[in-house]
Every structure is written in structure tokens, then in C-alpha cells.
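Input: a single structure, listed below in C-alpha cells.
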Amino acid sequence: MFAIMGTLVRMVSATLHNEMIVFFRNLFALVFFIPLLATRSARIELKTNRPFSHLLRTATGLCAMYCYFYALAHMKLAEAVLLSYTTPVFIPIIALFWLRESVTMKVGFAVIIGFAGVIFILKPGSGIFQPVSVIALVAAIFASTAMVAIRSMSDSEPPGRIVFYYTALSTLISAIPLFWAWEMPEGSTLALLILMGIVAVTGQLLMTRGYSAAPAARVGPFIYSTVIFASILGWFFWDETLDILSLTGAMLVCIAGIAATRRSQ
């Protein structure tokens, strides 16, 4: 689902500005989420005592989305997806300084492997280095911060409340740039935007269901299959292939991500 969403973002970016794509992604996600919220309204209490935490989670998540969507539009699909999935490398570092969570030797080793993989993907100092890839990496850092923000308020905020405020606030905030970036999407583009919202919500629900049905250490590694599907879709639609350095980096990042995810076992 996430590979398909990345493909749809890449498609609509040919005719729409990044600000428009981010807004419609959030808007349609909110539209499809509200009916789900209505059916569970008796179990979700929206009153919160931590508005700043929700705002921080929204700001970091929204920054990650802007950077990620920009990277999807300007670099190879698989590489953009891969760099966005380096979050397991950054989460332990951010959690160490923010939440004072200890980092085990196993996680520390995984982080080192992950950074080595990032270097292979970025290829600094080589003639094939892409500056836009740094934006994809920044997206991963913001996404990691958002995840740690979720963890920091999980003691008092249930998942439904966190998702609601993130979706609602993201829609409101991402509407601000439309004052200078608005453009009416064409029929086919609008259909792709609607499909993107459906795919995004479905992917989140399926991932949530997966983490609910099995331990995170078992489910987490499967998320890296997104890179494989993104490679296939990038090749099919845009004839994109990964070079040997990116493939090596992909292998190292996946190993690091799986090792960090399975740290609790």
C-alpha cells in the first residue's frame, strides 16, 4: 500500500505543486477517517490535556510529509522510499536525548550499520550524488521525531485520539500554503488524489491491524517489503533501476532496520 501511495504521489506531482499534494493527501485521509471515528465515538475521548504534544507531533509529521513527497517527485522511487525507511536508525538516537531511553549494544550496532547503508545510498563525493536525496533523509529524521513524540505521549493519549488530531491539524495547517499555491486539479488528477487518500488510510489501518495481531518485532521487518514493491513499480512506470551502491545501501539499511525492530526479542 505504501509503495502504491508513493507511486501515486509521483504521478500527480507531474501536474500539481507539492503543497497541493500534501493538502489533498491530508484532506482525503480526514474525510475517510471521520466515518471510522463516528462508529467508534463512544470509545474515543477527544478531550486532551496535551495540546502542545499533539501540535509537535503534527508539525514534525507534516514536515516529513512535505520533504518525502518532494523527494518522490525528484528522485528514483525506490531510493526515496528507502531513505524514508531509515527511521529505525534515527529513532534510538532521538529517544536517547529526548526520552532518556537507553541504547543497547545491539541497537547501537544496528544504528552504525544503518548509517553505513545511508552513505552508500547518498554516495557523497561521487559524481552521481543527488542533493535531493538529503531532503529524503531529512524526511526520515522528521518522521523519526514524530514517532518519538507519539511514544512520549502514549502514556495518556490513546491511538485514536493521536490519529485524529494529527489528521485534523495536518489538514488545517497544510491548507495555509494554498493561499498562494492553489490550482484546480484536473479530473484524472483529482481521481488519483482521491485514490491516494484511500490508499493512505487503508495502509495505516492495515499496518495498525498487523501490529495489533502480532508483536512489533515480527511485523516490523515486513515493512521493508515496501522497498521491493517500490523498485518494481519504479521500473514498470519509469524504467528506473538501482545501481550497485544503492543496492548495497538498501541491504544494510534493511538489516539495520530489522535488527533495531527486533531489539526487544
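Here are the numbers for the structure shown:
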{"quantity": "Some residue of the stretch 58-74 being at pLDDT 85 or above, touching a Phe, Trp or Tyr at 6+ places or on another chain (Cβ under 9 Å), among the polar types (S, T, N, Q) and surrounded by 19 or more Cβ atoms within 10 Å (Cβ to Cβ)", "calculated": "yes"}
{"quantity": "Single residue of Met5, Met1 found to be of a type outside the set (Phe, Trp, Tyr), buried (at least 19 other Cβ atoms within 10 Å of the Cβ) and in contact with a helix residue (DSSP H, G or I) (Cβ under 6 Å, 6 or more places away or on another chain)", "calculated": "Met5"}
{"quantity": "Looking only at the stretch 132-165, and only at residues there that are modelled with pLDDT of 85 or more and small (Gly, Ala, Ser), the one that is farthest from Ile34 (Cα to Cα)", "calculated": "Ser133"}
{"quantity": "Test: residue in the stretch 109-129 that is within 14 Å of the chain's Cα centre (by Cα), in contact (Cβ under 8 Å) with a residue 40 or more places away in the chain and closer than 19 Å to Thr226 by Cα", "calculated": "no"}
{"quantity": "The stretch 96-109, subset surrounded by 14 or more Cβ atoms within 10 Å (Cβ to Cβ) and modelled with pLDDT under 80, residue nearest to Ser246 (Cα to Cα)", "calculated": "Val107"}
{"quantity": "Lone unmet requirement of (1) surrounded by 17 or more Cβ atoms within 10 Å (Cβ to Cβ); (2) modelled with pLDDT under 75; (3) farther than 25 Å from Val118 by Cα for Ile223", "calculated": "(3)"}
{"quantity": "Unmet requirement for Ala80, which otherwise passes all of (1) surrounded by 15 or more Cβ atoms within 10 Å (Cβ to Cβ); (2) under 30 Å from Arg161 (Cβ atoms); (3) modelled with pLDDT of 85 or more", "calculated": "(2)"}
{"quantity": "Criterion (assigned to a loop (DSSP other than H, G, I, E, B), touching a residue at least 40 places away in the same chain (Cβ under 8 Å) and under 22 Å from Cys67 (Cβ atoms)) met by exactly one of Glu157, Glu183", "calculated": "Glu183"}
{"quantity": "Members of the stretch 101-123 that are within 16 Å of Ala80 (Cα to Cα) and of a type in the set (Gly, Ala, Ser)", "calculated": "Gly114, Gly117"}
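The values are calculated or read from the model by the stated rules, or taken from the named source; none is laboratory data. Keep in mind that what you see is a predicted model, and the values were worked out from it rather than measured. Every residue, glycine as well, gets a Cβ built from its backbone with ideal geometry; the counts of neighbours run over all protein chains shown.
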